[in-house]
Amino acid sequence: MALERTLSIIKPDAVAKNVIGEIYSRFEKAGLKVVAAKMKHLSKAEAEGFYAVHRERPFFNALVEFMISGPVMVQALEGEGAVLKNRELMGATNPKEAAAGTIRADFADSIDANAVHGSDSLENAAIEIAYFFPATDVYTR
Ligand code: RTP
Ligand code: MG
């Protein structure tokens, strides 16, 4: 497996539940290092730009409104196979289908308020990390 970076967002529902540390602990226990991080209250334009691939989907407006409903925690994670590893830690998009012990099974309330985002490919990870962090704000450790 190769050393990869992926973008993770702790969504407004999980920030409001005060489980940032719980979720970071799962990253660390799985061997993922936080190499960039910031708390941010996304503007509508920032959220729309981030989820531009979903622009034509029926859930787009609800997704954007949810993502701007409160501050989020944005981080780049680094580790062996980081993209897939993070997706495994997150669990299925719909928490009702998420495997026991995953972040979404433990902290998500619905398919809309589903606690975390994670890049779905190495290619998108690079695009998404650059969307939030200039290269000088990502630290190799
Ligand atoms: P994410 O991008 O947030 O990590 O989630 P994901 O890859 O598991 O799911 P994706 O298909 O990329 O969808 C992005 C977010 O849109 C919401 N969604 N709602 N009502 C629906 O059918 C539906 N489908 C997706 C979810 O909040 C999902 O995280
Ligand atoms: Mg996605």
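The values are calculated or read from the model by the stated rules, or taken from the named source; none is laboratory data. Worth saying up front: this structure is predicted, and the values here are computed from it rather than measured. Note that each Cβ is placed from the backbone with ideal geometry, even for glycine, and that neighbours are counted across all protein chains shown. Calculation scope for accessible area: heavy atoms of the full protein, side chains included, ligands and nucleic acids excluded. Shrake-Rupley method; radii C 1.70, N 1.55, O 1.52, S 1.80 Å.
Probe of 1.4 angstrom, ligands and nucleic acids ignored: what's the accessible area per residue over the chain, in square angstrom? Working shown, then result.
On the way: 7270 Å² over 141 residues.
Counting only protein heavy atoms, the per-residue value for the chain is 52 Å².
Taking all protein chains together and a 1.4 Å probe, the residues THR102, THR136, THR93 rank THR136, THR93, THR102 from largest to smallest accessible area.
Which FRET efficiency value, to the nearest 0.05, is calculated for SER69 and ALA2 with the Förster distance at 25 angstrom and r the Cβ-Cβ distance?
Details: r = 36 Å, r/R0 = 1.44.
Given R0 = 25 Å and the Cβ-Cβ separation, E is 0.10.
For the chain, the tally of Lys pairs with Cα-Cα distances below 26 Å comes to 22, considering only residues 8 or more apart or on different chains.
Counting only protein heavy atoms and using a 1.4 Å probe, what share of the accessible area of the chain belongs to carbon plus sulfur, as a whole percent? Carbon plus sulfur share of accessible area: 54 percent.
Between ILE127 and TYR139, the distance separating the two model label sites (each 7 Å from Cα on the Cα→Cβ line) works out to 2.9 nm.
How far is the Cα center of the range 69-99 from the Cα center of the range 42-68, in Å? Centre-to-centre (Cα) distance: 18 Å.
When the residues MET39, MET73, MET90 are ordered by accessible surface, computed with a 1.4 Å probe over the protein chains alone, the sequence from largest down reads MET39, MET73, MET90. Based on every Cα atom in the chain, Rg and the maximum pairwise Cα distance Dmax equal 14.0, 40 Å. Count Lys and Arg as plus one, Asp and Glu as minus one, and take only other residues whose Cβ is under 14 Å from that of PHE60; the net charge is then -1. Across all directions, the average flat footprint of the convex hull enclosing the Cα atoms of the range 86-131 is 3.2 nm².
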